[in-house]
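Enquirer: Please see the structure below; I have some questions.
The values are calculated or read from the model by the stated rules, or taken from the named source; none is laboratory data. Just so it is clear, the model here is predicted, and its values are computed rather than measured. Here Cβ is always computed from backbone atoms with ideal geometry, including for glycine, and neighbour counts include all displayed protein chains.
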Amino acid sequence: MLKDLIGLAGVPFVVALVEATKVTFPELDKRFYAPVAVAWGLALNLLAAAVLGLPYVEGAVEGVAAGLAAAGLYSAAKAAWPANRAAGG
């Protein structure tokens, strides 16, 4: 049960790490935010797989899914935020 929730439970944490990356590297182009999210998701889930003794392939698949979910969550929140709609983007 725990191993099934690790990938999805880490999505908000991946979003936070991408935001921290954006602050740390302000010159980073916006087109790299999604790959950064996938990289963070992959790294975190591979680490979790190592700590919990799970197969690395499973951790990698869950990490990619978590990174893609985090990128989608960020895009959806940005599109839904009223200030962004008023500004046209």
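Enquirer: Which one of these does Gly67 not meet: (1) at pLDDT below 90; (2) closer than 19 Å to Thr21 by Cα?
Expert: Looking at each condition in turn, Gly67 falls short on (1).
Enquirer: Follow-up question, since we're still on this one. From the list Ala39, Ala16, Ala48, which one is modelled with pLDDT of 90 or more and surrounded by 14 or more Cβ atoms within 10 Å (Cβ to Cβ)? Break it down stepwise before answering.
Expert: On the way: Ala16 fails: surrounded by 14 or more Cβ atoms within 10 Å (Cβ to Cβ); Ala48 fails: modelled with pLDDT of 90 or more.
Exactly one residue qualifies, and that residue is Ala39.
Enquirer: Quick check on my filter: what residues within the range 33-65 are under 13 Å from the mean Cα position of the chain (by Cα) and of a type in the set (Asp, Glu)?
Expert: Within the range 33-65, Glu62 is the sole residue that qualifies.
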